[in-house]
Number of protein chains: 2
Amino acid sequence: MPQAPARITALDTHDIRFPTSRELDGSDAMNPDPDYSAAYAVLRTDAEDGPRGHGFTFTIGRGNEVQVAALHALRPHVVGRTVDEVCADPGALSRDLVGDSQLRWLGPEKGVMHMAIGAVVNAVWDLAARRAGKPLWRLLAEADPDWLVGQIDFRYLSDALTPGEALDLLRRGREGAADRTARLIGHGYPAYTTSPGWLGYDDAKLTRLAAEAVAAGFRQIKLKVGADLDDDVRRCRVAREVVGPDVRIAVDANQRWDIDEAIRWTRALAPFDPYWIEEPTSPDDVLGHAAIRRAVAPVRVATGEHVQNRIVFKQLLQTGAVDIVQIDAARVGGVNENLAILLLAAKFGVPVCPHAGGVGLCELVQHLAMFDYVAVTGTTEDRVIEYVDHLHEHFTDPVTIRAGRYTAPTAPGFSAALRPESIARYTFPGGTFWAADPGTAEGHTA
Amino acid sequence: MPQAPARITALDTHDIRFPTSRELDGSDAMNPDPDYSAAYAVLRTDAEDGPRGHGFTFTIGRGNEVQVAALHALRPHVVGRTVDEVCADPGALSRDLVGDSQLRWLGPEKGVMHMAIGAVVNAVWDLAARRAGKPLWRLLAEADPDWLVGQIDFRYLSDALTPGEALDLLRRGREGAADRTARLIGHGYPAYTTSPGWLGYDDAKLTRLAAEAVAAGFRQIKLKVGADLDDDVRRCRVAREVVGPDVRIAVDANQRWDIDEAIRWTRALAPFDPYWIEEPTSPDDVLGHAAIRRAVAPVRVATGEHVQNRIVFKQLLQTGAVDIVQIDAARVGGVNENLAILLLAAKFGVPVCPHAGGVGLCELVQHLAMFDYVAVTGTTEDRVIEYVDHLHEHFTDPVTIRAGRYTAPTAPGFSAALRPESIARYTFPGGTFWAADPGTAEGHTA
């Protein structure tokens, strides 16, 4: 009797919260006291000894339970499918999730529901890569270009990128891919670090951390700005003095400004040679970014961590609104939508410098950047992945940084699995950490 | 001893779902089988015999429970405030809700979290208008222009609309307002009806309902299009034959198309003189709408029911992407954000024709359109409020339509309260309707 095919039997969810606000790690002009959190999903299967798939939405605390509720709403689309089916074609599942006409009303393709879809889609890719015995970057880089094009939803993109153009990009990307894979494994992928630049740190801590970053091999650091101009001028001066003229300093306003203010403020920081200004205004304001970019050149404009989907990225590229595209692995609809965004950026010739940090965003997004290098754009020039030294210890396959560069992951999967001990400790509100500290927990919910 | 001031003591939530999919009411090219639903919120106070405030997010079924979870997340911001405080300045509460830095991460200002904020903000306005003993349209129309400007969050708007410009618009809007109030009460506000045009209706039903619409006094009807071009050509021909040359026919694609397809399809329907093409593509695609508008004139382009916030409306107006702004009372952050959108539209000289239908959207949005007429633009020319004859019987103050026009509401409040019997019957899954029909209920959740 032939065995029944393995199926997905459960989509388990976990509300995980880390008390990061106590140290002002992660503090910026819009987010003074984040508690880095994850609405975490695990796909279980009935395959004997088979792997699980892991995915999550990153949040900064309150509302993480709303993301968990959104994960629950997706269960009927996932549970019961065969493992072979979803791993052979994550794009089909992705389209079903995005296309659920009733759930679509809650977006469409934006916000809580779309991020939950991204978590589930990413969990499927984690499962697929584990089953294939490959890190995700390698699975993508070795995939057939036709199959990869089939993984992309071109709806609302065809005026900027057609399936034929995407196929051409991917076919050209294959040339020399083996050499680049070897180089990636040998040398890693360049990183920059935001760890020195949180707004809540004083000048002494900034100085110390910036010097450590340079000593550790980073060629770019990032400073949060946007709360107080005098402070920012002083902090940029301090940072520039510490790192010298050759290390790039990016500045990040986290959406703090209107257009005119963004232009004024960025010009005031220009004497310290900022490499890019990040999120100068609302992530929804395509025209605003374009106006700012025209006004602040040669300072570059970067955005993307809060850009909701491929349609807004398309317009940022069509209007020449950005110098740098900052993909985020867990904001849009997962790997499939990020494939579209990487190819859009490649077509428009704009470098991708991924957003990371948070909970597990470094772990995820390194795979996408490495795929981009090996099999799409073929270069790391002017490309860097954000690195923040937060919370990596909670992952079973944490990122490794050597001499300011991400090491290519070798473990199968998407590096998305949290350690069981961390889940037990930081589950909210019942985990051992929060249960021991009900006072802090109270600030999170009614 | 002075009495303690009345406070908001609870934010009650209800998951309300109506089984509309059984009749294909509400069916369109993207939403084949909606079950019209509401994540419904009631603000209770400890004021003796004092009114409650009612608000809701409209959804189309699955996922309504995610909206309810988002309402829960807002409770700590609302419960415990004094009634006087929130009613005197709903804008302050609105800014606190939008500005919660941790919840903001889940948007910002879009999707599930933003719609939940809209429901709570609208509930406050319902409470404020009930306490003032006025229908909301009248409360707004009689409000001091300076106070109204203070109700608006100008963040990300200042490149298109300043507080000074808003004040000028509102001061000019006061001229002749008393006459317009009298005319509104005497004659109502023009409506159009979508009831004939759902995609799931056959030609006989379309013919009958279109004829009934004209006989009832409507001067505009709307047809859903976008599933099959041959069908649409036939349906537009049928409708045009029934209503004659002088009744306007709007067509609505519900985001079905990419840019080129939208242009081709709209041109193919042009012989039947469509008044506007609504939602031809993604609501996120500002540039796409602009390209479509250039190509399909003189057919007008309308959008807005899924436009996430004022920032996208701003860009639609800045790029000349739309002929008609379709505000929705329950998609954006409530009355305060809609004030901003009405003033943006007024500044750019683009008429507002609100989206309605669904659950209670007609009840809410009539107030905003009537305020716009009385105290902002001063005209109803080329302005119509959508009307669909669904589910009004569940509201304590349902809309009244006479001779194709909305009658000005006279009851105090925002017309947002559901009848207790309807709540008891259609609460999901425990209400008497759903409990009696567990088979249908099962399609809604895992």
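The values are calculated or read from the model by the stated rules, or taken from the named source; none is laboratory data. In this text the structure is predicted, and so the values were computed from the model without any measurement. Cβ coordinates were reconstructed from backbone atoms using ideal geometry, including for glycine residues, and neighbour counts include every protein chain displayed. Side chains included, ligands, DNA and RNA excluded: accessible areas come from the protein's heavy atoms. Shrake-Rupley method; radii C 1.70, N 1.55, O 1.52, S 1.80 Å.
Laid out as a table, the results:
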{"item": "Unmet requirement for A:VAL238, which otherwise passes all of (1) within 14 Å of chain B (Cβ to nearest Cβ); (2) of a type in the set (A, V, I, L, M); (3) open to solvent by 20 Å² or more (accessible area, probe 1.4 Å)", "result": "(1)"}
{"item": "Long-range neighbours under 8 Å by Cβ, at least six apart or interchain, first residue touching a residue at least 12 places away in the same chain (Cβ under 8 Å) and in a helix (DSSP H, G or I) within region B:248-263, second surrounded by 20 or more Cβ atoms within 10 Å (Cβ to Cβ) and charged (D, E, K, R)", "result": "B:ILE259/B:ASP285"}
{"item": "Hits in region A:53-70 (condition: more than 13 Å from chain B (Cβ to nearest Cβ) and open to solvent by 10 Å² or more (accessible area, probe 1.4 Å))", "result": "A:HIS54"}
{"item": "Residue count, region B:43-52 (criterion: in contact with a Ser or Thr (Cβ under 8 Å, 6 or more places away or on another chain) and either buried (at least 24 other Cβ atoms within 10 Å of the Cβ) or under 22 Å from B:GLY333 (Cα atoms) (or both))", "result": "2"}
{"item": "Any hit, region A:128-143, residues being within 14 Å of another protein chain (Cβ to nearest Cβ), open to solvent by 10 Å² or more (accessible area, probe 1.4 Å) and in contact (Cβ under 8 Å) with a residue 24 or more places away in the chain", "result": "no"}
{"item": "Residue match in region A:71-84 (condition: under 20 Å from A:PRO145 (Cα atoms), more than 8 Å from every other protein chain (Cβ to nearest Cβ) and open to solvent by less than 10 Å² (accessible area, probe 1.4 Å))", "result": "no"}
{"item": "Test for B:ASP146: is it open to solvent by 10 Å² or more (accessible area, probe 1.4 Å), outside any helix (DSSP H, G or I), in contact (Cβ under 8 Å) with a residue 12 or more places away in the chain and more than 8 Å from every other protein chain (Cβ to nearest Cβ)", "result": "no"}
{"item": "Selection within region B:278-322 - part of a helix (DSSP H, G or I), within 9 Å of another protein chain (Cβ to nearest Cβ) and not hydrophobic (A, V, I, L, M, F, W, C)", "result": "B:GLY288, B:LYS314, B:GLN315, B:GLN318"}
{"item": "Hits in region A:160-212 (condition: aliphatic (A, V, I, L, M) and open to solvent by 40 Å² or more (accessible area, probe 1.4 Å))", "result": "A:ALA178, A:ALA182, A:ILE185, A:LEU199, A:ALA204, A:ALA211"}
{"item": "Residue list for region B:108-119, filter: more than 7 Å from chain A (Cβ to nearest Cβ) and over 13 Å from B:LEU71 (Cα atoms)", "result": "B:GLU109"}
{"item": "For A:CYS87: the one exception among (1) within 14 Å of chain B (Cβ to nearest Cβ); (2) closer than 26 Å to A:ALA128 by Cβ; (3) open to solvent by 10 Å² or more (accessible area, probe 1.4 Å); (4) not aromatic (Phe, Trp, Tyr)", "result": "(1)"}
{"item": "Tally, over region B:71-108, of residues that are of a type in the set (Ser, Thr, Tyr) and touching a residue at least 24 places away in the same chain (Cβ under 8 Å)", "result": "2"}
{"item": "Spans of helices (runs of 4 or more DSSP H) in region B:369-446 with at least 1 residues at pLDDT 95 or above and not assigned by TED's automatic domain parsing to the domain that holds B:GLY186", "result": "B:420-426, B:432-435"}
{"item": "From A:LEU344, A:LEU361, residue being open to solvent by less than 10 Å² (accessible area, probe 1.4 Å), more than 10 Å from chain B (Cβ to nearest Cβ), in contact (Cβ under 8 Å) with a residue 24 or more places away in the chain and under 18 Å from B:VAL286 (Cβ atoms)", "result": "A:LEU344"}
{"item": "Residue in region B:90-107 that is nearest to B:PRO76 (Cα to Cα), counting only those that are crowded, with 24+ Cβ neighbours inside 10 Å and at the interface with chain A (Cβ under 7 Å from one of its Cβ atoms)", "result": "B:LEU103"}
